[in-house]
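Okay, so here's the structure we're looking at.
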Amino acid sequence: MGDTTLSRRTFLKVSAGTTGGLMVAFTLPGCATLPEGQDPESLRPNAWVEVTPESRVILTLDRVEMGQGTMTGLSTLVGEEMNRPPESVDVVFAPVHPDYKQPDYGLQLTGGSTSMATSWQRIREAGAMCALMLRQAAARVANVSVDEVRLDEDGCHVNGRTLALGDLVELAARLPVPDTVPLKPLSEWRWIGRHNARRDKTPKVFGQAGYGIDVDLPGMVYAVVTRPPVFGARVRHVDATQAKAMPGVLDVVTIPRGVAVVAERYWQARKAQAALKIDWEGGQPALTTEAVWRQYETALSESGDAARDDGHAERVLNKSEAARTFEYRAPFLAHATLAPQNCRAGLRDCKLDVWAPTQGPDVARAVAIRESGLSADAIDIHTTWIGGGFGRRLSQDYVGEAVAIAT
């Protein structure tokens, strides 16, 4: 038996909210100390859902919101299991951590229209785990069975009284974390499968959402990169004399992907970019649209692996007198996001902070490690709101450029 050692504040608040007199000397088996790494002021039995002493329910969103609705969808799963409206669940963006890896890809990324499918079970279980532990704590306080405790957005209801969630978190955090939790049956769903208001609607409409390009740091300067005219080309020589003499220009830096003009303001860097004289070498100038089409034509004439083969289409078409052959071609489709690629990177005291609208925070960190030479522990990736992704922000070239310039 171990003493839970509740704080005096929590002890008094919980005691005053129960019936049957004063509750004293809690001794609960197996919960003398908090699980490793858990905040003593909050209940956080898993990586996704936290309940604070202020009764806030917080979802750590590991599938980034870029307009496709993960904020709405995943907070709905938490709300359902905790029997509270999805809009009452606060959302924060996840840091880089192994717990947040997408299980199909083994990386912490958002893509392939897989967010709901891969989050369905574990996010529901995360919410249900918090709900069960809060009900168990309320049952201990009221000295009743957990089945007699009902949980909703107002708190835990027991014996005609309501205990605020925040008053239960310290006790709940000391309970053993259950290995399995029951999930709500479909017959009791109130929000899943129904039309719920978009969680990102209000912050976007009223300009409250902080996109990557909105990040404004003290002493921040701006860079514009000139990239090679053909794929794979590198800088042979750059004449930056005229550019460096222009107002506001602080430096001209050669990086692996091109040449960057650094200035006090963005437009100063953009204007100075036009004054650069760059001599490029190497690359693949023969890579043209026509050459790509020829590669496609060659590939079509070769045999490949069949992903699916139903029926006898080829036999039927060969016998048909009405069969016609048509060829359709579409040009390269650029994943042109509404917000341009952007990144903020700052190095101070051998510590690198990166603010980026990225679909793959851990991939961004790997790129930052490569460009800076720093260890993973010295790099923090701050994921921002994303102005469209479409897979384009799985590529971290813009992160690599910003880190190369900053370091």
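What tally of residues in segment 284-318 results from selecting those that are closer than 30 Å to Arg227 by Cα and either among the hydroxyl-bearing types (Ser, Thr, Tyr) or in contact (Cβ under 8 Å) with a residue 60 or more places away in the chain (or both)? The number of residues fulfilling the criteria is 3. Checking each residue in segment 90-110 for being more than 12 Å from Trp48 (Cα to Cα) and assigned to a strand (DSSP E or B) picks out Gln102, Leu107.
Residue count for segment 367-393, restricted to those that are modelled with pLDDT of 95 or more and surrounded by fewer than 19 Cβ atoms within 10 Å (Cβ to Cβ): 10.
On the stretch given as segment 263-272, residues that are within 24 Å of Phe231 (Cα to Cα) and crowded, with 20+ Cβ neighbours inside 10 Å total 2. Selection of segment 372-387 for residues being outside any loop (DSSP other than H, G, I, E, B) and out of contact with any Pro (no Cβ under 6 Å at 6 or more places or on another chain) yields Ser372, Ala376, Asp377, Ala378, Ile379, Asp380, His382, Trp385.
State yes or no: is Thr325 farther than 21 Å from Ala240 by Cβ and exposed (fewer than 10 other Cβ atoms within 10 Å of the Cβ)? Judged against the criteria, Thr325 is a match.
Checked against the criterion of being in contact with a helix residue (DSSP H, G or I) (Cβ under 9 Å, 6 or more places away or on another chain), assigned to a loop (DSSP other than H, G, I, E, B) and modelled with pLDDT under 90, the candidates Ala339, Ala330, Ala306, Ala323 yield just one match: Ala323.
Residues that are surrounded by 18 or more Cβ atoms within 10 Å (Cβ to Cβ) and in contact with a strand residue (DSSP E or B) (Cβ under 9 Å, 6 or more places away or on another chain) were ranked within segment 101-117; the one that is nearest to Gly69 (Cα to Cα) is Ser115. If you go through segment 262-321 and pick out every residue that is more than 30 Å from Val238 (Cα to Cα), among the basic types (Lys, Arg) and under 37 Å from the mean Cα position of the chain (by Cα), you end up with 1.
Would you say Ala336 is out of contact with any Pro (no Cβ under 8 Å at 6 or more places or on another chain), free of Cβ contacts under 8 Å to residues at least 60 places away in the same chain and farther than 29 Å from Tyr222 by Cα?
On the way: out of contact with any Pro (no Cβ under 8 Å at 6 or more places or on another chain): yes; free of Cβ contacts under 8 Å to residues at least 60 places away in the same chain: yes; farther than 29 Å from Tyr222 by Cα: no.
Answer is no for this residue.
Only a single item in (1) out of contact with any Gly (no Cβ under 6 Å at 6 or more places or on another chain); (2) outside any helix (DSSP H, G or I) is not met by Pro176, and it is number (1).
When you look at Val149, is it in contact with a Cys (Cβ under 8 Å, 6 or more places away or on another chain) and either over 30 Å from Ala345 (Cα atoms) or of a type in the set (Phe, Trp, Tyr) (or both), yes or no?
On the way: in contact with a Cys (Cβ under 8 Å, 6 or more places away or on another chain): yes; either over 30 Å from Ala345 (Cα atoms) or of a type in the set (Phe, Trp, Tyr) (or both): yes.
It is true that Val149 is in contact with a Cys (Cβ under 8 Å, 6 or more places away or on another chain) and either over 30 Å from Ala345 (Cα atoms) or of a type in the set (Phe, Trp, Tyr) (or both).
Let me spell it out: the conditions are (1) closer than 18 Å to Pro176 by Cβ; (2) surrounded by fewer than 17 Cβ atoms within 10 Å (Cβ to Cβ), and Leu134 meets all of them except one. Which number is the exception? Failing condition for Leu134: (2).
So which of Asp216, Asp167 ends up being out of contact with any Cys (no Cβ under 8 Å at 6 or more places or on another chain), acidic (Asp, Glu) and not in a loop (DSSP other than H, G, I, E, B)?
On the way: Asp216 fails: not in a loop (DSSP other than H, G, I, E, B).
The match here is Asp167.
Restricting attention to segment 253-302, the residues that are modelled with pLDDT of 95 or more and β-branched (Val, Ile, Thr) add up to 7.
Can you confirm whether segment 239-247 contains a residue that is β-branched (Val, Ile, Thr) and in a strand (DSSP E or B)? No, that holds for no residue.
The values are calculated or read from the model by the stated rules, or taken from the named source; none is laboratory data. A quick note: this is a predicted structure, and the numbers were derived from the prediction, not measured. Note that we place each Cβ from the backbone using ideal geometry, even for glycine, and neighbour counts take in every protein chain shown.
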